[in-house]
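One structure is given below, encoded as structure tokens.
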Amino acid sequence: MSAGSSGWVFDLFAAVASLKALRRKGWELRGVRDPESVADHSLSVAVLSVALAAARGLDPGRAALIAVLHDLAESVTGDLTPAEKAELGSER
């Protein structure tokens with residue numbers, strides 16, 4: 001996609017929107033009824049990150065951006081448990 005094209009914005013939006021339907025796998029495996037979505041988790045992490053960054057004199061905007069985007073890859077990979085991530089890491 002060319003730098004002048006805005007198609008990537010729609011692709012990004014679709015990826016982010018898909019996180020609303022992706023349930024946190026660890027909660028599902030533990031039998032939690034109606035587990036939070038990855039999007040729910042990312043919002044909670046962002047709010048907490050802003051508060052902690054502000055309390056410590058750090059940049060709350062940067063903290064929020066990192067938190068909001070930290071699980072974006074899961075729109076492609078799905079939500080992986082820590083054990084699954086460790087297994088993938090050991091196969092490299």
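Can you tell me which residues in region 47-92 are out of contact with any helix residue (DSSP H, G or I) (no Cβ under 7 Å at 6 or more places or on another chain) and among the small types (Gly, Ala, Ser)?
Scanning region 47-92 gives 51, 55, 57, 61, 73, 78, 83, 86, 89, 90.
Restricting attention to region 23-33, does a residue exist that is in contact with a strand residue (DSSP E or B) (Cβ under 8 Å, 6 or more places away or on another chain) and either at pLDDT 95 or above or of a type outside the set (S, T, N, Q) (or both)? So that I can check it myself, show each step before the final result.
Restricting attention to region 23-33, the residues satisfying the condition of being in contact with a strand residue (DSSP E or B) (Cβ under 8 Å, 6 or more places away or on another chain) are 23-24.
Going one step further and asking which of them are either at pLDDT 95 or above or of a type outside the set (S, T, N, Q) (or both), we end up with 23-24.
Scanning region 23-33 turns up at least one residue that is in contact with a strand residue (DSSP E or B) (Cβ under 8 Å, 6 or more places away or on another chain) and either at pLDDT 95 or above or of a type outside the set (S, T, N, Q) (or both).
The values are calculated or read from the model by the stated rules, or taken from the named source; none is laboratory data. All of these numbers come straight from a predicted model, not from anything done at the bench. Cβ atoms come from the backbone with ideal geometry, glycine included; neighbour counts cover every protein chain shown.
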